[in-house]
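Enquirer: Handing you this structure, nothing more for now.
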Amino acid sequence: MFLRTIEPAEAEGEVASIYANELASMGRVMQATQCWSARPDILGPVERLLHQIRDGFSLGLINFRLITLVAAKHVPSSYCSYVYFKALSGMIGREQTLAVHRDYRNAGLTEQQIAMLAYAEQITIDASRISKADIDHLRTVGFTDVNIADIALAASFRNFMSRYFDAVGAEAEPDFLDDDLSVRAELSVARNN
(Lines give C-alpha, C1' and ligand atoms only; values in the text may rest on other atoms or scores of the structure.)
Protein backbone atom coordinates (compact mmCIF):
# COMPACT_ATOMS: atom_id res chain seq x y z
CA MET A 1 0.00 0.00 0.00
CA PHE A 2 1.39 3.36 -1.00
CA LEU A 3 -0.70 5.41 1.45
CA ARG A 4 -0.71 5.63 5.22
CA THR A 5 -3.99 4.06 6.32
CA ILE A 6 -5.72 3.41 9.61
CA GLU A 7 -4.60 0.12 11.09
CA PRO A 8 -7.25 -2.05 12.79
CA ALA A 9 -5.79 -1.34 16.24
CA GLU A 10 -6.02 2.44 15.59
CA ALA A 11 -9.56 2.46 14.19
CA GLU A 12 -12.33 4.44 15.84
CA GLY A 13 -16.00 5.13 15.17
CA GLU A 14 -17.44 4.01 11.84
CA VAL A 15 -14.04 2.82 10.58
CA ALA A 16 -13.69 0.56 13.64
CA SER A 17 -17.20 -0.80 13.07
CA ILE A 18 -16.51 -1.58 9.39
CA TYR A 19 -13.20 -3.20 10.30
CA ALA A 20 -14.86 -5.27 13.06
CA ASN A 21 -17.51 -6.53 10.64
CA GLU A 22 -14.84 -7.57 8.15
CA LEU A 23 -12.74 -9.23 10.86
CA ALA A 24 -15.82 -11.17 11.99
CA SER A 25 -16.77 -12.28 8.47
CA MET A 26 -13.33 -12.80 6.90
CA GLY A 27 -10.87 -13.02 9.76
CA ARG A 28 -8.98 -9.95 8.56
CA VAL A 29 -9.32 -6.43 7.20
CA MET A 30 -8.60 -6.52 3.48
CA GLN A 31 -6.33 -3.92 1.90
CA ALA A 32 -9.31 -3.10 -0.34
CA THR A 33 -11.15 -1.89 2.75
CA GLN A 34 -8.20 -0.42 4.58
CA CYS A 35 -7.06 1.70 1.62
CA TRP A 36 -10.23 3.83 1.92
CA SER A 37 -9.26 4.79 5.48
CA ALA A 38 -6.83 7.39 4.13
CA ARG A 39 -10.14 9.25 3.71
CA PRO A 40 -12.16 7.82 6.60
CA ASP A 41 -15.16 9.97 5.67
CA ILE A 42 -15.36 8.05 2.36
CA LEU A 43 -15.03 4.49 3.73
CA GLY A 44 -18.60 4.31 5.09
CA PRO A 45 -20.35 5.62 1.97
CA VAL A 46 -18.25 3.35 -0.31
CA GLU A 47 -19.03 0.28 1.82
CA ARG A 48 -22.75 1.12 1.90
CA LEU A 49 -22.85 1.63 -1.87
CA LEU A 50 -21.04 -1.67 -2.50
CA HIS A 51 -23.50 -3.54 -0.29
CA GLN A 52 -26.49 -1.76 -1.81
CA ILE A 53 -25.40 -2.66 -5.36
CA ARG A 54 -24.30 -6.22 -4.56
CA ASP A 55 -26.94 -7.23 -2.03
CA GLY A 56 -29.80 -5.85 -4.11
CA PHE A 57 -28.40 -7.07 -7.44
CA SER A 58 -31.36 -8.27 -9.50
CA LEU A 59 -29.40 -11.00 -11.31
CA GLY A 60 -27.90 -12.76 -8.28
CA LEU A 61 -24.45 -12.97 -6.74
CA ILE A 62 -22.92 -15.28 -9.37
CA ASN A 63 -23.72 -12.81 -12.15
CA PHE A 64 -22.48 -9.92 -10.02
CA ARG A 65 -19.16 -11.72 -9.60
CA LEU A 66 -18.98 -12.67 -13.29
CA ILE A 67 -19.33 -8.98 -14.17
CA THR A 68 -16.74 -8.02 -11.59
CA LEU A 69 -14.20 -10.55 -12.89
CA VAL A 70 -14.61 -9.43 -16.50
CA ALA A 71 -14.48 -5.74 -15.59
CA ALA A 72 -11.38 -6.28 -13.42
CA LYS A 73 -9.62 -7.96 -16.32
CA HIS A 74 -10.26 -5.02 -18.63
CA VAL A 75 -9.59 -2.17 -16.16
CA PRO A 76 -6.97 -3.87 -15.76
CA SER A 77 -6.61 -4.74 -12.06
CA SER A 78 -4.59 -7.63 -10.69
CA TYR A 79 -5.99 -7.06 -7.20
CA CYS A 80 -9.62 -7.43 -8.24
CA SER A 81 -8.83 -10.20 -10.73
CA TYR A 82 -7.24 -12.28 -7.94
CA VAL A 83 -10.00 -11.60 -5.42
CA TYR A 84 -12.92 -12.24 -7.76
CA PHE A 85 -11.27 -15.25 -9.42
CA LYS A 86 -11.05 -16.83 -5.96
CA ALA A 87 -14.60 -15.83 -4.97
CA LEU A 88 -16.17 -16.98 -8.23
CA SER A 89 -14.16 -20.24 -8.21
CA GLY A 90 -15.87 -21.11 -4.95
CA MET A 91 -19.25 -20.69 -6.65
CA ILE A 92 -18.89 -22.12 -10.17
CA GLY A 93 -15.62 -24.02 -9.93
CA ARG A 94 -12.05 -23.05 -10.67
CA GLU A 95 -11.94 -24.43 -14.24
CA GLN A 96 -15.08 -22.62 -15.40
CA THR A 97 -13.89 -19.42 -13.71
CA LEU A 98 -10.59 -19.71 -15.55
CA ALA A 99 -12.50 -20.28 -18.81
CA VAL A 100 -14.57 -17.14 -18.13
CA HIS A 101 -11.42 -15.13 -17.49
CA ARG A 102 -9.81 -16.39 -20.68
CA ASP A 103 -12.86 -16.01 -22.97
CA TYR A 104 -16.31 -15.72 -21.44
CA ARG A 105 -17.88 -16.23 -24.88
CA ASN A 106 -16.61 -19.83 -24.88
CA ALA A 107 -16.92 -20.71 -21.20
CA GLY A 108 -20.21 -22.58 -21.14
CA LEU A 109 -22.28 -19.58 -20.08
CA THR A 110 -25.82 -18.85 -21.21
CA GLU A 111 -26.59 -16.51 -24.11
CA GLN A 112 -27.93 -14.03 -21.57
CA GLN A 113 -24.74 -14.15 -19.48
CA ILE A 114 -22.58 -13.65 -22.57
CA ALA A 115 -24.63 -10.58 -23.55
CA MET A 116 -24.37 -9.30 -19.96
CA LEU A 117 -20.59 -9.69 -19.93
CA ALA A 118 -20.17 -8.13 -23.39
CA TYR A 119 -22.04 -5.08 -22.08
CA ALA A 120 -19.92 -4.98 -18.90
CA GLU A 121 -16.75 -5.35 -20.98
CA GLN A 122 -17.78 -2.46 -23.25
CA ILE A 123 -18.56 -0.27 -20.23
CA THR A 124 -15.04 -0.93 -18.99
CA ILE A 125 -13.27 -0.46 -22.32
CA ASP A 126 -15.24 2.54 -23.62
CA ALA A 127 -18.77 3.22 -22.39
CA SER A 128 -19.14 6.10 -24.84
CA ARG A 129 -19.52 3.56 -27.65
CA ILE A 130 -22.63 1.96 -26.15
CA SER A 131 -25.69 2.67 -28.26
CA LYS A 132 -29.45 2.15 -28.01
CA ALA A 133 -28.95 -0.93 -30.21
CA ASP A 134 -26.78 -2.45 -27.46
CA ILE A 135 -29.52 -1.86 -24.91
CA ASP A 136 -32.16 -3.22 -27.29
CA HIS A 137 -30.08 -6.38 -27.69
CA LEU A 138 -29.96 -6.80 -23.90
CA ARG A 139 -33.76 -6.49 -23.81
CA THR A 140 -34.04 -9.05 -26.64
CA VAL A 141 -32.19 -11.67 -24.58
CA GLY A 142 -34.52 -11.07 -21.64
CA PHE A 143 -33.06 -8.31 -19.49
CA THR A 144 -35.35 -5.75 -17.90
CA ASP A 145 -34.32 -2.12 -17.50
CA VAL A 146 -33.62 -2.84 -13.81
CA ASN A 147 -31.31 -5.70 -14.85
CA ILE A 148 -29.53 -3.46 -17.37
CA ALA A 149 -29.13 -0.71 -14.78
CA ASP A 150 -27.70 -3.28 -12.33
CA ILE A 151 -25.19 -4.57 -14.90
CA ALA A 152 -24.09 -1.00 -15.62
CA LEU A 153 -23.83 -0.22 -11.89
CA ALA A 154 -21.80 -3.35 -11.13
CA ALA A 155 -19.37 -2.79 -14.02
CA SER A 156 -19.02 0.95 -13.40
CA PHE A 157 -18.56 0.51 -9.66
CA ARG A 158 -15.87 -2.13 -10.25
CA ASN A 159 -14.07 0.27 -12.59
CA PHE A 160 -14.09 2.94 -9.88
CA MET A 161 -13.00 0.56 -7.12
CA SER A 162 -10.31 -1.25 -9.13
CA ARG A 163 -8.76 1.96 -10.38
CA TYR A 164 -8.62 3.38 -6.86
CA PHE A 165 -7.09 0.20 -5.41
CA ASP A 166 -4.33 0.24 -8.02
CA ALA A 167 -3.80 3.98 -7.69
CA VAL A 168 -3.06 3.67 -3.96
CA GLY A 169 -1.08 0.41 -4.19
CA ALA A 170 -3.44 -2.14 -2.63
CA GLU A 171 -2.00 -5.64 -2.97
CA ALA A 172 -3.91 -8.91 -2.90
CA GLU A 173 -3.63 -10.87 0.30
CA PRO A 174 -1.68 -14.13 -0.17
CA ASP A 175 -4.74 -16.38 0.25
CA PHE A 176 -6.34 -14.77 -2.82
CA LEU A 177 -3.38 -15.75 -5.00
CA ASP A 178 -3.85 -18.96 -6.97
CA ASP A 179 -1.47 -21.79 -6.10
CA ASP A 180 -0.68 -22.34 -9.79
CA LEU A 181 1.93 -19.74 -10.75
CA SER A 182 0.90 -19.81 -14.41
CA VAL A 183 -2.73 -18.99 -13.46
CA ARG A 184 -1.48 -16.31 -11.11
CA ALA A 185 0.53 -14.81 -13.98
CA GLU A 186 -2.56 -14.90 -16.21
CA LEU A 187 -4.57 -12.99 -13.62
CA SER A 188 -1.76 -10.51 -13.07
CA VAL A 189 -2.90 -7.88 -15.52
CA ALA A 190 -1.07 -4.97 -13.95
CA ARG A 191 1.52 -4.80 -11.16
CA ASN A 192 2.94 -8.14 -10.10
CA ASN A 193 2.05 -9.19 -6.57
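Enquirer: Checking the structure you have, find out if any residue of the stretch 61-68 is touching a Leu at 6+ places or on another chain (Cβ under 7 Å) and charged (D, E, K, R).
Expert: Checked the stretch 61-68: at least one residue is touching a Leu at 6+ places or on another chain (Cβ under 7 Å) and charged (D, E, K, R).
Enquirer: Being in contact with a Leu (Cβ under 8 Å, 6 or more places away or on another chain) and open to solvent by less than 60 Å² (accessible area, probe 1.4 Å): is that true of Val189 here?
Expert: It is false that Val189 is in contact with a Leu (Cβ under 8 Å, 6 or more places away or on another chain) and open to solvent by less than 60 Å² (accessible area, probe 1.4 Å).
Enquirer: Which of the residues that make up the stretch 21-42 are open to solvent by 50 Å² or more (accessible area, probe 1.4 Å), without any contact (Cβ under 8 Å) to a residue 40 or more places away in the chain and either hydrophobic (A, V, I, L, M, F, W, C) or within 20 Å of Cys80 (Cα to Cα) (or both)?
Expert: Of everything in the stretch 21-42, those that are open to solvent by 50 Å² or more (accessible area, probe 1.4 Å), without any contact (Cβ under 8 Å) to a residue 40 or more places away in the chain and either hydrophobic (A, V, I, L, M, F, W, C) or within 20 Å of Cys80 (Cα to Cα) (or both) turn out to be Leu23, Ala24, Ser25, Met26, Gly27, Ile42.
Enquirer: Still on this structure: Please determine whether any residue of the stretch 102-115 is more than 19 Å from Asn147 (Cβ to Cβ), of a type in the set (Gly, Ala, Ser) and over 18 Å from the mean Cα position of the chain (by Cα). Show your work before the answer.
Expert: Just the residues of the stretch 102-115 that are more than 19 Å from Asn147 (Cβ to Cβ), to begin with: 102-103, 105-108.
Checking which are of a type in the set (Gly, Ala, Ser) leaves us with 107-108.
Subsequent filtering for residues that are over 18 Å from the mean Cα position of the chain (by Cα) retains 107-108.
There is at least one residue in the stretch 102-115 that is more than 19 Å from Asn147 (Cβ to Cβ), of a type in the set (Gly, Ala, Ser) and over 18 Å from the mean Cα position of the chain (by Cα).
Enquirer: Tell me which residues, restricted to the stretch 104-117, are assigned to a helix (DSSP H, G or I), of a type outside the set (Phe, Trp, Tyr), open to solvent by less than 60 Å² (accessible area, probe 1.4 Å) and under 24 Å from Ser188 (Cβ atoms).
Expert: Leu117
Enquirer: Taking Met1 as meeting all but one of (1) over 21 Å from Ala167 (Cα atoms); (2) open to solvent by 60 Å² or more (accessible area, probe 1.4 Å); (3) in contact with a helix residue (DSSP H, G or I) (Cβ under 8 Å, 6 or more places away or on another chain), write down the number of the exception.
Expert: Unmet for Met1, out of (1) over 21 Å from Ala167 (Cα atoms); (2) open to solvent by 60 Å² or more (accessible area, probe 1.4 Å); (3) in contact with a helix residue (DSSP H, G or I) (Cβ under 8 Å, 6 or more places away or on another chain): (1).
Enquirer: Name the single residue that is surrounded by the most Cβ atoms within 10 Å (Cβ to Cβ) among those in the stretch 125-182 being of a type in the set (Ser, Thr, Tyr) and under 21 Å from Gln31 (Cα atoms).
Expert: Restricting to residues being of a type in the set (Ser, Thr, Tyr) and under 21 Å from Gln31 (Cα atoms), the top hit is Ser162.
Enquirer: Which of the residues belonging to the stretch 5-53 are under 23 Å from Phe176 (Cβ atoms), of a type outside the set (A, V, I, L, M) and part of a loop (DSSP other than H, G, I, E, B)?
Expert: Of everything in the stretch 5-53, those that are under 23 Å from Phe176 (Cβ atoms), of a type outside the set (A, V, I, L, M) and part of a loop (DSSP other than H, G, I, E, B) turn out to be Thr5, Glu7, Gly27, Arg28.
Enquirer: Contact list please: Cβ distance under 7 Å, first residue in the stretch 139-155 and farther than 19 Å from Ala72 by Cα, second residue loosely packed, with under 13 Cβ neighbours inside 10 Å, pairs at least six apart or on different chains.
Expert: Correct list of pairs: Val141/Glu111.
Enquirer: Return the residue satisfying two criteria in turn: it lies in the stretch 45-86 and is open to solvent by 10 Å² or more (accessible area, probe 1.4 Å) and within 9 Å of the chain's Cα centre (by Cα), and of such residues it is nearest to Ser17 (Cα to Cα).
Expert: Among those that are open to solvent by 10 Å² or more (accessible area, probe 1.4 Å) and within 9 Å of the chain's Cα centre (by Cα), it is Val83.
Enquirer: Among the numbered criteria (1) in contact (Cβ under 8 Å) with a residue 24 or more places away in the chain; (2) open to solvent by 60 Å² or more (accessible area, probe 1.4 Å); (3) polar (S, T, N, Q); (4) under 24 Å from Glu173 (Cα atoms), which single criterion is violated by Thr97?
Expert: With respect to (1) in contact (Cβ under 8 Å) with a residue 24 or more places away in the chain; (2) open to solvent by 60 Å² or more (accessible area, probe 1.4 Å); (3) polar (S, T, N, Q); (4) under 24 Å from Glu173 (Cα atoms), Thr97 is out only on (2).
The values are calculated or read from the model by the stated rules, or taken from the named source; none is laboratory data. As the structure is a computational prediction, the values presented were derived from the model and not from experiment. Methodologically, a virtual Cβ is constructed for each residue, glycine included, from the backbone with ideal geometry; neighbour enumeration extends over all protein chains shown. Side chains are part of the model used for accessible areas, which takes the heavy atoms of the whole protein and leaves out ligands, DNA and RNA. Shrake-Rupley method; radii C 1.70, N 1.55, O 1.52, S 1.80 Å.
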